[in-house]
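Some notes on the structure that comes next.
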Amino acid sequence: MNRTNLRTVPAALLIALVFLSALSACGSDGRESDDTTVDTTARTTDDGTVETTGTQALDPSSTVIEYHFGDSSVPPEYHRSYTLTVRKGEARLVVDSYGDVLHDVSRSIGKRSWTALLEGVADLESTTLEEESGCSGGTSRSLEVDDGETVVRIDIGLCDGDHEPEAAALDSLLEPVLDEFDMSSIPR
């Protein structure tokens, strides 16, 4: 099976696919639609399983997606890292400052948002993009997709602009779910 490597996909193309997936998840009035078909490289079968041309099929009832943003090394009053955990029907956001939990909230998410997110991550391939040596103080992103076993693991270290397109594409993928939370005081 041919798997898409996040590093080789132009960021603009990946962002465009994510944007179109998110856009198609909404009706013309901007609200979620109850229709379960999303036009991407992945498709949702009648039983709800997400099939792709990339990775194995993802089961919406058991898949867990965890996204982590690691803030740069700054004083505790400014440090905001967060973990977003998404599973069928629910998203949980935990914000911390060096391990001290500052914010822990859960939100319901609609079937369309969940399906669009599953389809968006289904074609990703595991990869690690490290910070350049000698660079310190950067941020990090990680994404793990688990369907009984780790299907995808992506780690991105950012410093001095390295890997910004890949990080932006990953951020865009989670944007519709993060929009369910008040992110105004959290770095992105």
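Has region 159-167 got at least one residue that is under 19 Å from Glu119 (Cβ atoms), within 12 Å of the chain's Cα centre (by Cα) and among the hydrophobic types (A, V, I, L, M, F, W, C)? Looking through region 159-167, none of the residues is under 19 Å from Glu119 (Cβ atoms), within 12 Å of the chain's Cα centre (by Cα) and among the hydrophobic types (A, V, I, L, M, F, W, C). Every condition in (1) assigned to a loop (DSSP other than H, G, I, E, B); (2) surrounded by 18 or more Cβ atoms within 10 Å (Cβ to Cβ); (3) not charged (D, E, K, R) holds for Gly148 except the one numbered (2).
Of Thr139, Thr115, all but one fail to be closer than 13 Å to Pro176 by Cα and modelled with pLDDT under 90; the exception is Thr115. Against the list (1) buried (at least 18 other Cβ atoms within 10 Å of the Cβ); (2) touching a Lys or Arg at 6+ places or on another chain (Cβ under 7 Å), the condition Leu174 fails is (2).
Looking for something touching a helix residue (DSSP H, G or I) at 6+ places or on another chain (Cβ under 9 Å) and on the phi > 0 side of the Ramachandran plot - is there at least one such residue anywhere in region 135-149? Checking region 135-149: not a single residue is touching a helix residue (DSSP H, G or I) at 6+ places or on another chain (Cβ under 9 Å) and on the phi > 0 side of the Ramachandran plot. The strands (runs of 3 or more DSSP E) falling completely within region 53-128 that include 2 or more residues that are among the hydrophobic types (A, V, I, L, M, F, W, C) and within 15 Å of the chain's Cα centre (by Cα) map to 64-70, 81-87, 90-97.
Scanning region 98-122 for residues that are small (Gly, Ala, Ser) and touching a residue at least 40 places away in the same chain (Cβ under 8 Å) gives Gly110, Ser113, Ala116, Gly120, Ala122. On inspection, Val105 qualifies as of a type in the set (A, V, I, L, M), over 28 Å from Glu131 (Cα atoms) and surrounded by fewer than 15 Cβ atoms within 10 Å (Cβ to Cβ).
Residue under question is Asp123, and the condition is that it be farther than 23 Å from His163 by Cβ and either in contact with a Ser or Thr (Cβ under 8 Å, 6 or more places away or on another chain) or surrounded by fewer than 21 Cβ atoms within 10 Å (Cβ to Cβ) (or both); does it hold? For Asp123, the condition - farther than 23 Å from His163 by Cβ and either in contact with a Ser or Thr (Cβ under 8 Å, 6 or more places away or on another chain) or surrounded by fewer than 21 Cβ atoms within 10 Å (Cβ to Cβ) (or both) - is not met.
The values are calculated or read from the model by the stated rules, or taken from the named source; none is laboratory data. Fair warning: this is a prediction, and the values are worked out from it, not measured in the lab. Positions of Cβ are generated from backbone atoms using ideal geometry, with glycine treated the same way; all protein chains shown enter the neighbour counts.
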